[in-house]
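The values are calculated or read from the model by the stated rules, or taken from the named source; none is laboratory data. What you are looking at is a predicted structure, and each value in this text was computed from that prediction instead of being measured. Positions of Cβ are generated from backbone atoms using ideal geometry, with glycine treated the same way; all protein chains shown enter the neighbour counts. Ligands, DNA and RNA are stripped out before the accessible areas are found, and what is left, the full protein with its side chains, is counted by its heavy atoms. Shrake-Rupley method; radii C 1.70, N 1.55, O 1.52, S 1.80 Å.
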Amino acid sequence: GNSVTQMEGPVTLSEEAFLTINCTYTATGYPSLFWYVQYPGEGLQLLLKATKADDKGSNKGFEATYRKETTSFHLEKGSVQVSDSAVYFCALRTGNTGKLIFGQGTTLQVKP
Amino acid sequence: GAVVSQHPSWVICKSGTSVKIECRSLDFQATTMFWYRQFPKQSLMLMATSNEGSKATYEQGVEKDKFLINHASLTLSTLTVTSAHPEDSSFYICSARGGDGTDTQYFGPGTRLTVL
């Protein structure tokens, strides 16, 4: 079946450090891939997405490239800020039902 | 942007009672709403998909008689946990889709249910 695997957290970084959160997936067909972010006390928000192989999603300095050959969608940011501290979820969607399958989430803590 | 609210944000109830959780789209009409359940340090698991005016579609393994979903209007869906037991304690999250011409889901902040 379809599934998403993320690196375990928490990930603790100093401000301005480089961030990578790994995400790999298993899916039939050609899924769309997403990163969601959940700030403390808030609902999940769409951070970025990619709908086909080699697409790069980007937003707020974050990037992720849809790699079909490695079935990966790793999230990166060149210089994190304290305000980036949150839980990050990788997800996939197949078909047109709108159903999302999530990874387990990775907590990012950025220290000043 | 589109806002989805949930009420209550947390609830504590006794075993055997029923609890209703509301999910509202505040500034758009949601043709589809989704209900998820999240255990500590685990992923969100889709429970059911509901379209306005029709019966919800439940995921495999989710008891439809225990988790009653009603999507009576384009801005409101409710999840009722009937005869709740301690194992139903969890974080319940809804999302809504529709109204902006995309298939983006907008998520509510979640409801923490604790059954004593």
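Applying both filters, DSSP loop and at most 16 other Cβ atoms within 10 Å, to the chymotrypsin sites (Phe, Trp or Tyr not before Pro) of the stretch A:1-108 gives A:F18.
Surface burial for B against A, with a 1.4 Å probe and both sides summed, reaches about 1300 Å² of accessible area. Summarising the amide proton neighbourhood of A:L48: residues at separation of 5 or more, or on other chains, whose placed amide H is nearer than 5 Å comprise A:W35. Evaluate E = 1/(1 + (r/R0)^6) for A:K52 and B:K41, where r is the Cβ-Cβ distance and R0 equals 41 Å; express this FRET efficiency to the nearest 0.05. Rounded to the nearest 0.05, the efficiency is 0.80.
Simple spin-label estimate for A:T107 and B:E59 gives 2.2 nm between the two label positions (7 Å along the Cα-to-Cβ direction from each Cα).
These residues, B:D27, B:D65, B:D88, B:D103, go from largest to smallest accessible area, 1.4 Å probe, as B:D65, B:D27, B:D103, B:D88. The 3J(HN,Hα) values that the Karplus relation (6.51, -1.76, 1.60; θ = phi - 60°) gives for the stretch B:70-77 are, in residue order, 10, 10, 7, 9, 6, 10, 9, 10 Hz. Gly and Pro appear as x. Provide the FRET efficiency to the nearest 0.05 for the B:E22-A:E8 pair, computing r from the beta carbons and using R0 = 45 Å. After rounding to 0.05, the efficiency reads 0.85. On the principal axes of its alpha-carbon atoms, chain A has extents of 43, 27, 22 Å, going from largest to smallest.
Spacing of the modelled spin labels on A:Q45 and B:T80, each 7 Å from Cα toward Cβ, amounts to 3.5 nm.
With the convex hull drawn around the C-alpha atoms of the stretch B:55-110, the volume per residue stands at 106 Å³. Per residue, the accessible area of the protein assembly as shown comes to 49 Å², computed with a 1.4 Å probe over protein heavy atoms only.
Residues with beta-carbon under 15 Å from that of A:G1, excluding A:G1: net charge, scoring Lys, Arg +1 and Asp, Glu -1? Present the calculation step by step, with values, prior to reporting the outcome.
On the way: positive: A:R93, A:K99; negative: B:E59.
Summing Lys/Arg as +1 and Asp/Glu as -1 gives +1.
Sequentially through the stretch A:10-17, phi angles give Karplus couplings (6.51, -1.76, 1.60; θ = phi - 60°) of x, 9, 10, 10, 8, 4, 6, 6 Hz, Gly and Pro residues having no value and appearing as x.
In the stretch A:33-53, burial by the other protein chains removes 40 Å² or more of accessible area from A:L44, compared with the chain on its own (1.4 Å probe, ligands and nucleic acids ignored). Taking GluC sites (Glu not before Pro) across the stretch B:1-107, the ones in a DSSP loop with at most 11 further Cβ atoms lying within 10 angstrom of their Cβ are B:E63.
Against the compact-protein benchmark of 2.2 N^0.38 Å, the Cα-based radius of gyration of the stretch B:10-98 scales to 1.05.
Note that the protein assembly as shown, at 25 °C in a medium of 0.890 mPa s, gets a Stokes-Einstein diffusion coefficient of 135 µm²/s from its Kirkwood radius over C-alpha pairs. The stretch A:27-45 and the stretch B:48-82 have Cα centres separated by 22 Å. Annotation: cysteines of chain B without a disulfide-compatible partner (Cβ-Cβ under 4.7 angstrom) are B:C13. Here the 3J(HN,Hα) profile of the stretch A:101-112, calculated from phi with Karplus coefficients 6.51, -1.76 and 1.60 at θ = phi - 60°, is 10, 9, x, 7, x, 10, 7, 10, 10, 10, 9, x Hz, Gly and Pro shown as x.
Close amide H contacts of A:C23 (hydrogens built in the peptide plane, cut-off under 5 Å, sequence separation of 5 or more or a different chain): A:F73, A:H74, A:L75.
Carbon and sulfur together cover what percent of the accessible area of the protein assembly as shown at a 1.4 Å probe radius?
50 percent
Other residues within the sphere of radius under 14 Å centred on the Cβ of B:F39, judged by their own Cβ, net out at +1 (K and R +1, D and E -1). Peptide A:98-105 has a mean shielding of 6, counted as Cβ atoms of other protein chains within 10 Å of each residue's Cβ. Peptide B:108-114 shows a mean partner chain C-beta count of 2 within 10 Å per residue C-beta. Taking only Cα atoms and a 10 Å spring cutoff, compute GNM fluctuations for chain A and point out the largest among A:N59, A:N96, A:N22. It is A:N96.
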